[in-house]
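Colleague: Questions regarding the structure given below will be posed in turn.
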């Protein structure tokens, strides 16, 4: 069967496009990598790991990843408040993709 012509193709409907829509941005891949390596992670720990990220930006990225079902937020009923983030099962399913990105980077670093 012939491939569809480029005019007929719609990148927005591809699995690649969907995956990128979930992990795109400056911080989302790094947040996922941090959780993959160190979960569970508290907000301040993540902020130290990411270094130059504002509270607002980190909070927004975490909310988006949680809304997309990639991370879970666990709040402990204590004072001072304690909140931990970890990967969900869906988030863990991205680990192989993130690992491949790491492998590619190691193999092709110049």
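Colleague: In whole angstrom, note down how far apart the Cα centers of region 73-103 and region 19-68 are.
Modeller: If we compute the Cα centre of each part, the gap is 9 Å.
Colleague: Another one. Subtracting the Cα-Cα distance from 0.36 nm times the residue separation, let me have the gained length for residue 48 to residue 107 in nm, one decimal.
Modeller: 18.5 nm
Colleague: Just to be sure I understand, if you calculate mean projected area of the Cα convex hull in nm² for this structure, which of (1) 10.9; (2) 9.6; (3) 10.1 do you get?
Modeller: Here mean projected area of the Cα convex hull in nm² agrees with entry (3).
Every read-out reported here was derived from the displayed coordinates using simple, explicitly stated rules and does not represent laboratory data. On a predicted model such as this, the values are computed, not experimentally measured, just so you know.
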